[in-house]
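Structure first, commentary second.
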Amino acid sequence: MAEPVVLVTGGARGIGAALARHHAAKGATVVIADVDEGGAAVADETGGVFVHSDVSTGDGTAAAVRAAEDRGGIAVLHLNAGVPGGTAFGDGFDTDRYRRGIGVNLDAVVFGIQAALPGMRARGGGAILVTASLAGLAISGDVFYAAAKHAAIGLVRSCAATLGESPITVNALCPGFVRTPMLEPFVPWLEEAGVLVAEPALVCEAADAVLASGRTGEAWPVQAGQPFEPWRFGQVVVSRSS
Ligand SMILES: NC(=O)c1ccc[n+]([C@@H]2O[C@H](COP(=O)([O-])OP(=O)(O)OC[C@H]3O[C@@H](n4cnc5c(N)ncnc54)[C@H](O)[C@@H]3O)[C@@H](O)[C@H]2O)c1
């Protein structure tokens, strides 16, 4: 049987590189899409493929998805690329940085799902895992990051609902604090404050648990020392005339 193909955006380092290594170790063909050329080394190491692409653009995402489809079609899609919010409210507000943050943290998720769905539909299945964040479930000082991650979770839940009984699953992984280059500057401060900083391997474990669950449309907090369970959202009751 052909090896399953796993596409990981933002796979050059951090959580994405860990996911790429994890899937490759289980026998998958891994396609890594990243703007960082370091993705080529991860591809060499995992026997995978590196696609230099900016997934915040439709074209960049399409190139990555094409590369994965050419190798047999995507079984698992990790829409994982992410950046900090980039700016904040106030005098220094920077529109370009704001757009860049939304581009990578949200637009790339939209483009990724849009590009991957036709192939998954044609093959009759597939799993999409969006690396969101606990900042998509809670309040964060990085407000535009939080806004994009909240939106990504809303997108996952609504998208899964529109797919109905389809064999395509869409879920959000919501890590707390994970030791990666993105978090590196804050790790000493977090650890001093007693916050548990997880290793990227925990996100791989969570991804396995979500995939094995067969569930869809859920947001899964990923925190050291806590079980992997879907987040329980409050129920919204729509007002009716009678
Ligand atoms: N590290 C944490 O504590 C933490 C917590 C919650 C969520 N996350 C999320 O996990 C994901 C991975 O983060 P990480 O901590 O590994 O960060 P990281 O900075 O170590 O890795 C992010 C990767 O995304 C790539 N990337 C950025 N913009 C891109 C673009 N336009 N196109 C393609 N690739 C691009 C980067 O080059 C990098 O390789 C992100 O979505 C992040 O928001 C991280």
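Worth a mention:
- Within the set Ala62, Ala68, Ala81, Ala88, the sole residue that is in contact with an Asp or Glu (Cβ under 9 Å, 6 or more places away or on another chain) and within 15 Å of the ligand (Cβ to nearest atom) turns out to be Ala81.
- Scanning the range 1-18 for residues that are more than 6 Å from the ligand (Cβ to nearest atom), outside any strand (DSSP E or B) and within 14 Å of the chain's Cα centre (by Cα) yields Gly11, Ala17, Ala18.
- Residues that are outside any strand (DSSP E or B) and under 19 Å from Ala17 (Cβ atoms), drawn from the range 197-209: Val197, Glu199, Pro200, Ala201, Leu202, Val203, Cys204, Glu205, Ala206, Ala207, Asp208
- Asp54 being surrounded by fewer than 20 Cβ atoms within 10 Å (Cβ to Cβ), within 12 Å of the ligand (Cβ to nearest atom) and either assigned to a strand (DSSP E or B) or without any contact (Cβ under 8 Å) to a residue 60 or more places away in the chain (or both): yes
- So Ala115, is it among the small types (Gly, Ala, Ser), away from the ligand (no atom under 11 Å from the Cβ), crowded, with 20+ Cβ neighbours inside 10 Å and in a strand (DSSP E or B): no
- Candidate set: the range 133-144, residues that are more than 7 Å from the ligand (Cβ to nearest atom) and in contact (Cβ under 8 Å) with a residue 60 or more places away in the chain; chosen: the one farthest from Gly112 (Cα to Cα): Leu137
- Qualifying residue in the range 69-81 (condition: buried (at least 21 other Cβ atoms within 10 Å of the Cβ) and in a loop (DSSP other than H, G, I, E, B)): yes
- Flag for Gly101 being more than 16 Å from Val8 (Cα to Cα), crowded, with 22+ Cβ neighbours inside 10 Å and touching a Gly at 6+ places or on another chain (Cβ under 7 Å): yes
- All positions within the range 132-183 that are in a strand (DSSP E or B) and either exposed (fewer than 15 other Cβ atoms within 10 Å of the Cβ) or over 14 Å from the mean Cα position of the chain (by Cα) (or both): Ile168
- Only residues that are surrounded by 18 or more Cβ atoms within 10 Å (Cβ to Cβ) and within 9 Å of the ligand (Cβ to nearest atom) were counted across the range 184-202, and they come to 2.
Read-outs throughout are calculated quantities, based only on the coordinates presented, and are distinct from any laboratory measurement. Keep in mind it's a predicted model, so treat the numbers as computed, not measured. With ideal geometry, Cβ positions are generated from the backbone for all residues, glycine too; neighbour counts draw on all protein chains shown.
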